[in-house]
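Peer 1: Structure incoming, see below.
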Amino acid sequence: MYPSRFRYEAPRTIDEAIQLLHEGGAEAKVLAGGQSLVPLMKLRFAAPELLVDINNLPGLDHLDVAADGGIRVGALCRHRDLERSLDVAQAQPVMAAAAPLIADPVVRTRGTLVGSLCHADPQGDWAAVVTALGGHVVAQGPGGRRDIAITDFVTGPFQNVLAYDEVAVEAVLPPPRARVAGGFLKLERRVGDFATAGTAVALEIDGDRVVRAGIALTGVGSRTVDARAAADSLVGQGLTGEAIMRAADLAAEAAQPTSDHRGSAAYKRHVIHTFVTRILTRVSQTSEAAA
């Protein structure tokens, strides 16, 4: 099947892109990697009248890892760049664990983290990672720039808070206050598939105590699930067996899965419980070995 007829524009400046989006209104779409939008257009699940290609815009392909561990990911930074970055691997193990699991190598060559956040797929991986890390999205429109916490950015399945004439220009991950640890696990039917259930866990540890925690779930709700109660239960605690089980129980309770061809709701909750337990146990064992 072929897409519906559409107008294509490739602006050279961010201001030009914003103006085109303003003129196009709700019928305009931004094209960055296109790994989600183009298939939807081919199936005619999406039929924008105007496609604004931002790949010619300068300054949006950055991947900056600051000395304090903060990370800024530009709208044109590809999944592949995150996967191959030694700086990211050193600064944030959660991102390093997720990057090779995004779709397949072809998609990782063109797709973008920011585009994934904007697409707001309930089974998307990056939204869970950014949520666990407490990140935010920077949007630019006619009124300038604004920061939007990732927990406020996604409003529902395939829905975000961007105005029709705004462009998400980067995602920002805050610098940690202590030693970082964590991981990302997802269950998929085959390599490159969407997650049946997935978990991102991001920890900051001072000595033997967790001083900050984030746990986010994908594939088990109509949007990314911020398992805040599970994360908060770890703060101020050591990663004991009891603390790990408590966090895993709360994360499974926070999941909102439905039964489908991928598995029953009970099965998906069990997967979440197992993944949280596995990640936290691995961190605990690594910390003990390093002590």
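Peer 1: In the chain, carbon and sulfur make up what percent of the accessible area (probe 1.4 Å)?
Peer 2: 51 percent
Peer 1: Oh, and also: Could you calculate the contour length gain from Q285 to D152, that is, 0.36 nm times the residue separation minus the distance between their Cα atoms, to one decimal place in nm?
Peer 2: 44.4 nm
Peer 1: Moving on. On average, how much accessible surface per residue is there in region 179-290, in Å², for a 1.4 Å probe, leaving out ligands, DNA and RNA?
Peer 2: Details: 5020 Å² over 112 residues.
Per-residue value: 45 Å².
Peer 1: What angle, in degrees between 0 and 90 and rounded to the nearest 10, separates the Cα long axis of helix 241-254 from the longest principal axis of the Cα atoms of the chain?
Peer 2: 30 degrees
Peer 1: To continue, here is another question. For the Cα atoms of the chain, what angle does the longest principal axis make with the long axis of helix 265-290, in degrees from 0 to 90, nearest 10?
Peer 2: The angle comes out near 60 degrees.
Peer 1: Turning to a different aspect of this structure: Note down, for region 7-53, the three equivalent ellipsoid semi-axes (square root of 5 times each alpha carbon gyration tensor eigenvalue), biggest first, whole angstrom.
Peer 2: Values for region 7-53, descending: 19, 12, 7 Å.
Peer 1: How far, in degrees from 0 to 90, does helix 14-24 lean away from the longest principal axis of the Cα atoms of the chain, to the nearest 10?
Peer 2: 70 degrees
Peer 1: Continuing with this model, one more query. Which value, in Å² and to the nearest 10, is the accessible area of M95 when all protein chains are kept and the probe is 1.4 Å?
Peer 2: 0 Å²
Peer 1: Further, regarding this structure: Please work out, to two decimal places, the log10 of the ratio I(q)/I(0) at q = 0.10, 0.21 Å⁻¹ from a Debye calculation in which every Cα of region 70-177 carries one identical scatterer.
Peer 2: -0.25, -1.14
The values are calculated or read from the model by the stated rules, or taken from the named source; none is laboratory data. Treat the numbers as computed from the prediction; the structure is a model and nothing was measured. Quick note on the areas: whole protein, heavy atoms, side chains included, nothing else; ligands and nucleic acids left out. Shrake-Rupley method; radii C 1.70, N 1.55, O 1.52, S 1.80 Å.
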